[in-house]
Amino acid sequence: MQIINGQIFLEEVPVTTLAATYGTPTYVYEENRIRANFRRALAAFRKYYDDFRFFYAIKANNNLAVANILRQEGAGIDAASVNEILLAQKLGLGGEDVMFSGNFLSDDDIRQGLESGVIFNLDDISLLPRVIKLGRPEFLSFRVNPGYGKSEVGDFVTNAGPGAKFGVHPDQVMDAYRLAKEAGVKRFGAHMMPGSCIRDPEYFRFITELLMDIIGHAARELDINFDFIDLGGGLGIPYKHEDHLLDIEKAASLVADVFQKKIAEYGLKPPRLMMEPARYFVGDAGYILGQVHAIKDSYSRIIGTDVSMNILARPAMYGSYHHIYVNGREDEPRTKVGLCGQVCENTDFWVRDRELPSGIALNDIIVVENAGAYGYAMSYQYNGRLKPAEVLVNGKQHWLIRERETIEDLVRNVTVPKHLQR
Ligand code: LLP
């Protein structure tokens, strides 16, 4: 994003052009920023550990145009469901380029996961006999709950530790690999996902050590090796402008250092090191263009926009902060106002008190920052408010990459029984 003479550009396209071409609300992604984020992170980790690979957690943004950018950069796919495996297949990826990390799977999920031939990452020891019964894979990974989790999004997004529903309890890890080995599994992986949006490099060292100690003991006792060890996602971005960036070089060097020490300590054959971030790649490359449609002066001044909670769920769900720019007014003095969307829920009053340009007026275009991850992917149709359009920009070029929904999408799959039709 850049601001030139007060006008906001995404890459080199004015937001006024984008809003006039595609309407609002619209998600816009900067292709070059996604590539730069990926390359920065990959270079940092490869610098300290050569056999390193990223899988992209497609749940954060499943637009195939966006995912194809990351595929071109060399990412595999982390799939949370069978449908995400199918999305990966639409990218031309399968086999060991895709990892299936579902949780609380049905037999159908297991069957389809096995048929797809991707790497199976089991969330619990109880899944093992079911997976073996339905078609024993040669290659198997377990998602370990290392007993500790953290998140800057809030407690809602803590993915490990005693309060989390995810992963194999540390005390069951040894048995999990033992049973898999006894069942004839030949190749093993290990995985964890203890937290999301972390900007403290030391956290990544700490969780790596935790995991390596848990699985290192199991490997030594059972005389197995790991083809890969996956540290999950969690690479954070700053949402508030006063927050610092994650020092990715430092995170990579701390992780690689403890990883290599633990490999030596447990006498492991050096495994591939993997991570599966999403937010770090796409979060700050995505924006929502919205428009001011009404302004109310009541108990306080409230700016009404079309960026509603169904378009961006994070503030209503987690109290998340997203920076807001007003096109053409960033140089104006600021005044405290609230800002809301158009949904009939008071959680849609998602900015209570923010310094915004004092002249903000009807039809102004607003730009909501850091919306590339868990934005569109978490949108929904409540209040008959439809899902927005998605657009990709690269330099001066722009493409519609998902059409705005219409009323047809709201009634698709709905059937009214005959006796109710008149
Ligand atoms: N791997 C697994 C198994 C995951 O569950 C996730 C995210 C990731 C990787 C990617 O994590 P990341 O690098 O983006 O932190 N909706 C929340 C975030 C939920 C995270 C869910 N798991 C939000 O809007 O902040």
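Just one of the listed residues (VAL391, VAL351, VAL307) is surrounded by 18 or more Cβ atoms within 10 Å (Cβ to Cβ), within 16 Å of the ligand (Cβ to nearest atom), aliphatic (A, V, I, L, M) and assigned by TED's automatic domain parsing to the domain that holds GLN7, and it is VAL307. Each residue in region 45-66 was checked for being of a type in the set (Phe, Trp, Tyr), more than 16 Å from the ligand (Cβ to nearest atom) and outside any helix (DSSP H, G or I), and 1 pass. So which residues in region 216-272 are within 14 Å of the ligand (Cβ to nearest atom), part of a loop (DSSP other than H, G, I, E, B) and of a type in the set (Gly, Ala, Ser)? Result: GLY232, GLY233, GLY234, GLY236.
Each row is one residue, and each column tells you yes or no for (1) under 16 Å from the mean Cα position of the chain (by Cα); (2) among the polar types (S, T, N, Q).
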position	(1), (2)
PRO271	no, no
VAL282	yes, no
LEU289	no, no
SER300	no, yes
ASP306	no, no
ASN310	no, yes
HIS323	no, no
VAL337	no, no
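Restricting attention to region 16-36, the residues being over 16 Å from ALA65 (Cβ atoms) and either among the polar types (S, T, N, Q) or within 25 Å of the chain's Cα centre (by Cα) (or both) number 6.
Candidates in region 324-348 are the residues that are among the acidic types (Asp, Glu) and touching a residue at least 40 places away in the same chain (Cβ under 8 Å); of these, the one that is surrounded by the fewest Cβ atoms within 10 Å (Cβ to Cβ) is ASP331.
The set of residues in region 154-181 that are surrounded by fewer than 21 Cβ atoms within 10 Å (Cβ to Cβ), within 16 Å of the ligand (Cβ to nearest atom) and not aromatic (Phe, Trp, Tyr) comprises GLY154, ASP155, VAL157, THR158, GLY161, GLY163, ALA164, LYS165. Could you please let me know if PHE52 is hydrophobic (A, V, I, L, M, F, W, C) and over 26 Å from LEU312 (Cα atoms)? When the stated conditions are applied, PHE52 passes them.
Of the candidates PHE188, PHE142, the single residue that is of a type outside the set (A, V, I, L, M), surrounded by 20 or more Cβ atoms within 10 Å (Cβ to Cβ), in the same structural domain as PHE204 (by TED's automatic domain parsing) and away from the ligand (no atom under 16 Å from the Cβ) is PHE188. Of ALA88, ALA60, all but one fail to be within 18 Å of LEU235 (Cα to Cα) and among the hydrophobic types (A, V, I, L, M, F, W, C); the exception is ALA60. Listed conditions (1) among the β-branched types (Val, Ile, Thr); (2) in contact with a helix residue (DSSP H, G or I) (Cβ under 6 Å, 6 or more places away or on another chain); (3) within 23 Å of GLY195 (Cβ to Cβ) are all met by THR158, apart from (2). The residues on offer are GLY147, GLY95, GLY113, GLY102, and the sole one that is in the same structural domain as ARG71 (by TED's automatic domain parsing) and in contact (Cβ under 8 Å) with a residue 40 or more places away in the chain is GLY147.
Listed here are the residues, each with its yes/no results for (1) exposed (fewer than 14 other Cβ atoms within 10 Å of the Cβ); (2) over 30 Å from GLU12 (Cβ atoms); (3) not assigned by TED's automatic domain parsing to the domain that holds GLY233.
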| position | (1), (2), (3) |
| --- | --- |
| GLU369 | no, no, yes |
| TYR376 | no, no, yes |
| ARG385 | no, yes, yes |
| HIS398 | no, no, yes |
| GLU403 | yes, no, yes |
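Restricting region 68-105 to residues that are surrounded by fewer than 23 Cβ atoms within 10 Å (Cβ to Cβ) and in contact with a Phe, Trp or Tyr (Cβ under 7 Å, 6 or more places away or on another chain) leaves a set whose member that is nearest to ARG33 (Cα to Cα) is GLU73. All conditions in (1) within 26 Å of THR406 (Cα to Cα); (2) free of Cβ contacts under 8 Å to residues at least 40 places away in the same chain hold for THR26, with the sole exception of (2).
How many residues are in a helix (DSSP H, G or I) and not charged (D, E, K, R) when one looks only at region 13-41? Summing the residues that are in a helix (DSSP H, G or I) and not charged (D, E, K, R) in region 13-41 gives 14. Residues in region 312-323 that are among the hydrophobic types (A, V, I, L, M, F, W, C) and surrounded by fewer than 20 Cβ atoms within 10 Å (Cβ to Cβ) were compared, and the one that is farthest from the ligand (Cβ to nearest atom) is ALA316.
The values are calculated or read from the model by the stated rules, or taken from the named source; none is laboratory data. Quick caveat, the model's predicted, so the values are computed rather than measured. Because the Cβ atoms are built from the backbone with ideal geometry, glycine has one as well, and the counts that use them run over all protein chains shown.
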